[in-house]
1. Sorted from largest to smallest, which semi-axis lengths in Å does the alpha carbon gyration tensor of the stretch 37-79 give for its equivalent ellipsoid, taking the root of 5 times each eigenvalue?
2. How big is D, in µm² s⁻¹, for the chain by Stokes-Einstein at 20 °C and 1.002 mPa s if Rh is the Kirkwood radius over C-alpha pairs?
Amino acid sequence: MNSGTDFKNEVKLSVQAFIIWFVYLSNIYMWTYWNPVTKFENIIIYVYIVVECGFTPYMYLAFNRTLRSEFIRLFSIKSSSPVQTLVFT
C-alpha cells in the first residue's frame, strides 16, 4: 500500500471511532443526567439504548468495504454462476 491509501484508511478508521465514541458518550450522558419529563422522552431514551447496543456492527458494515461486499454477497438473491436448465424431450 502507498501512503495515500494508508492515510485514507486511517481517516476512515478515526471517523468510525469518533462516531462510535460519540454514540456511547451521548448514551451515558442521557442515562445519567437527563431526567425525562414525559413518557415520550422516556421511550426515546430506551429506544436509543437498544439501538446503541447494536450500533457497532452497522458502523463496521458502513465503513469496511470488504466486509460490506462479503455481507451483500452472502445475503444476495443473485447466484454467483448462471443456472442452466436442461430440457430433455
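1. On the way: eigenvalues 222, 28, 7 Å².
Computed over the stretch 37-79, the values are 33, 12, 6 Å.
2. 126
Values quoted throughout were computed directly from the atomic coordinates according to the rules given, and no laboratory measurement underlies them. As the structure is a computational prediction, the values presented were derived from the model and not from experiment.
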